[in-house]
1. Please list, or write none, the lysines whose alpha carbon is within less than 18 Å of the alpha carbon of Lys146, excluding same-chain residues fewer than 8 places away.
2. Given 0.36 nm per residue, what is the gain on full extension from Val145 to Trp7 after removing their alpha carbon distance, in nm?
3. Label points 7 Å out from Cα along the Cβ direction at Glu59 and Glu88: separation in nm?
4. According to a simple spin-label model (label point 7 Å from Cα along Cα-to-Cβ), what is the distance in nm between Leu49 and Asn14?
5. Would you compute, from DSSP H runs of 4+ residues alone, the mean residue ellipticity of the chain at 222 nm, taking -39500 (n - 2.57) per run and dividing by the full residue count, rounded to the nearest 500?
6. Restricting things to alpha carbons, find the Rg to Rh ratio for the chain using the Kirkwood radius for Rh.
7. I want to verify a result. In a Gaussian network model of the chain, Cα cutoff 10 Å, which of these has the top mean-square fluctuation: Gly128, Gly31, Gly68?
8. Of Thr22, Thr115, Thr43, which is the most mobile in a GNM of the chain whose springs link Cα atoms less than 10 angstrom apart?
Amino acid sequence: MTASAGWKMALYENRTLASAITAAVSGMLVGYPFDSLKTRMQTHHYPSLLACARRSIAEEGVRGLYRGLVPPLLTASAAKSLSFSVFEQIKLWLRNHDPYINGGSKLGMPNFQRTTVGSVALTAAVSGSISGAVIAALCCPLELVKVQMQLANLMAKGTNG
C-alpha cells in the first residue's frame, strides 16, 4: 500500500471526525468575528453594527475580532466530533434495537430501518435530539468562558460606546 493510499484509507475510516473538524474550523473562522461583534453590541452601546466593527477594528485591529478564538475553536472541534459520533452511534443503536423488527409492525411501533422517508426522518430526529442534548450539557459552561474572553479587553478599558 502506498503512502497516498494509506492516507486516503485513514481519511475514509475517520470521515466523521474529519467532517466534524472541517465544519468546526470553517464555521468558527467565518463566524467568530460576527459573534465577537454581537457580544460587544449586547454589552456596550453602539449606534450600529458597522459603528461597532469600525471602532473595534480601529482600537484593536482585525485580530481583536478573533480574540479568544483558540479555546472555542478547540472546543467546537471536539463538540462537533462528539456530536457527529453520538449521532451516528444513536442511529446505529436504533437500527439494531428497532422494535419494528421484533413484531412491532403489528403494534404500530416506529421503524428505524430507513425503509421510508418517515423512518429516515424519525431516526434523524431522535438521533439529533439525543446528540444535541449531550452537546448542550457539555458546551454551555464553555460558552461563558468564550464570552468573558471576547470582552476581556473591552471590560479592562471600561469603555462605554
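1. The reachable lysines, counting only those whose Cα sits under 18 Å from Lys146, are Lys38, Lys80.
2. Numbers: separation 138, 0.36 × 138 = 49.68 nm, distance 3.63 nm.
Fully extending the segment from Val145 to Trp7 adds 46.0 nm.
3. 4.4
4. My value for the distance between the label points is 3.6 nm.
5. On the way: 6 runs with 124 residues, N = 161.
Counting only the DSSP helices, I get -26500 deg cm²/dmol.
6. Working: Rg = 22.0 Å, Rh = 19.0 Å.
Computed over Cα atoms, the ratio is 1.16.
7. In this elastic network of the chain, the residue with the biggest mean-square fluctuation among Gly128, Gly31, Gly68 is Gly31.
8. Top of the fluctuation ranking is Thr115.
Where a number appears in this text, it was derived from the coordinates with a stated rule and is not lab data. Because the structure is predicted, anything quoted here is derived from the model rather than measured. We place every Cβ from the backbone using ideal geometry, glycine too, and count neighbours over all the protein chains shown.
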